[in-house]
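Contents: one structure, followed by commentary.
The values are calculated or read from the model by the stated rules, or taken from the named source; none is laboratory data. Worth saying up front: this structure is predicted, and the values here are computed from it rather than measured. In this analysis, Cβ positions are derived from the backbone assuming ideal geometry, glycine residues included, and neighbour counts consider all displayed protein chains.
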Amino acid sequence: MERRDDRSRRAGTGRGESPGAIRFAEAARSIGRAARLRGLEVPTFRSPPGLEGVQRTIRRRGASATVSVVVRGRPWGAVLADMVEGVAVANQLDSRRADTVRAALWLAVDEPALAA
């Protein structure tokens, strides 16, 4: 029987992470960088949420927030949408600012070099 490490290595990660986890981490870094450049608090991103049956949760602890997203078995666009929306919700943005921020964050995950 094949070990998980062997499957991950063949997928090109080399450290035992799944390709989805690496992609999630890269998206979190890009979104975080773009949010920081706009003066926003960057939530912690993690996967999966601690609650069964939900696609995304946001937990607040004082001034910080954690956005947890289901990655496995979902379209990548849905995962990104939850991450982008998580930043807007965590920062409690009004509708006008949230719209502007969402556009910038989508640009960051679509073309990271252009988002700066």
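Some values worked out for this structure:
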| item | result |
| --- | --- |
| Pair list, Cβ < 9 Å and 6+ apart or interchain, from the stretch 38-50 residues that are modelled with pLDDT of 95 or more to residues that are small (Gly, Ala, Ser) and assigned to a loop (DSSP other than H, G, I, E, B) | GLU41/ALA63 |
| Conditions (1) over 21 Å from ILE22 (Cα atoms); (2) out of contact with any helix residue (DSSP H, G or I) (no Cβ under 8 Å at 6 or more places or on another chain); (3) modelled with pLDDT under 95: number failed by ARG97 | (3) |
| Qualifying residue in the stretch 62-80 (condition: among the small types (Gly, Ala, Ser), surrounded by 18 or more Cβ atoms within 10 Å (Cβ to Cβ) and more than 11 Å from the chain's Cα centre (by Cα)) | yes |
